[in-house]
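Derivation of every value follows stated rules applied to the coordinates shown; laboratory data play no part. Just so it is clear, the model here is predicted, and its values are computed rather than measured. Cβ: placed from backbone, ideal geometry, glycine included. Neighbour counts: every protein chain shown.
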Amino acid sequence: MAIYIVGFLLFLAYTILIFFLKSYFLLGIITIINIILMINFKINIKNTFLQILKLMPIIVFTSSINIIMGDFNSGLLIGIRLILVCNITYIFSKKMTMQKLQYCIEKILKPLKIIKINSREIGIIVCIGIAFIPIIQREIQEIKCSLKAKGYNINFKNIIKNPNYILIPLITGIIKRINDIEVSLLSKGFIASN
């Protein structure tokens, strides 16, 4: 299991390093390293690009803000860095299970037991948070399908004018999922009941 801890620490160092690079040449080398990792770990390149395409609106928005607030070069650098970090995160997520991730976080934070912080609970919380992202995406898709079936035109203007059409069902669904997770954790003895 030590190999997973080393891999997790290397992943963290690698992603942090990407945000400190200011040279396009070095970012090009990182791109080549990412491609080599995808080939080495047999990651589907098409799925990788689809994942990055899904995140492109956020990346373009962040880059645009940096271009407006700074200059074109800083906005472009942020965009490239975000693409590279999203890519390495996707590669890492395909090779690391939630149980391994929870174990790594627990072992890395073990020294916090000195100040009475439970590293196991932190690992569980982080993994639940990560696992919740696809759940929220599915909830939003179900809400959109439901609204389309009812004849509601889903566009940015209508969502801004009537946010409760999406927010209320989303919050209700999230609260239900949280309740399900709490019951599951209680039944497995991860948390103590009051």
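Quick notes
- Low-density loop positions, chymotrypsin sites (Phe, Trp or Tyr not before Pro), the stretch 28-112 - DSSP coil, at most 12 other Cβ in 10 Å: Phe41
- Remark: the stretch 2-96 carries a charge dipole of roughly 320 debye about the Cα centre, counting +1 on each Lys and Arg Cβ and -1 on each Asp and Glu Cβ.
- Over 30 Å (Cα to Cα) - which of Lys46/Lys107; Lys150/Lys176; Lys46/Lys144; Lys94/Lys116 fall in this group: Lys46/Lys107; Lys94/Lys116
- Pairs of Cα atoms farther than 23 Å apart, the stretch 57-194, %: 60
- Summing Lys and Arg as +1 and Asp and Glu as -1 over all other residues whose Cβ lies under 13 Å from the Cβ of Leu170 gives a net charge of +2.
- Rg/Rh for the stretch 114-188 stands at 1.15; both radii use Cα atoms, and Rh follows the Kirkwood definition.
- For the stretch 1-90, the set of trypsin sites (Lys or Arg not before Pro) satisfying both a DSSP loop assignment and a count of at most 12 other C-beta atoms within 10 Å is given as Lys22, Lys42.
- When the Cα positions of Ser93, Ile160, Ile78 are compared along the charge dipole of the stretch 53-194, Ser93 comes out farthest toward the positive end, with charges on each C-beta of Lys, Arg, Asp and Glu.
- Extension gain, Gln51 to Ile171: 0.36 nm times the residue separation minus the Cα-Cα distance gives 40.7 nm.
- The separation of the stretch 1-70 from the stretch 123-194, counted between C-alpha centres, amounts to 28 Å.
- Extreme residue, positive dipole direction of the stretch 114-188, given options Ile143, Ile122, Leu185 (C-beta unit charges): Ile143
- Cα radius of gyration and Dmax for the stretch 2-96 (Å): 13.9, 45
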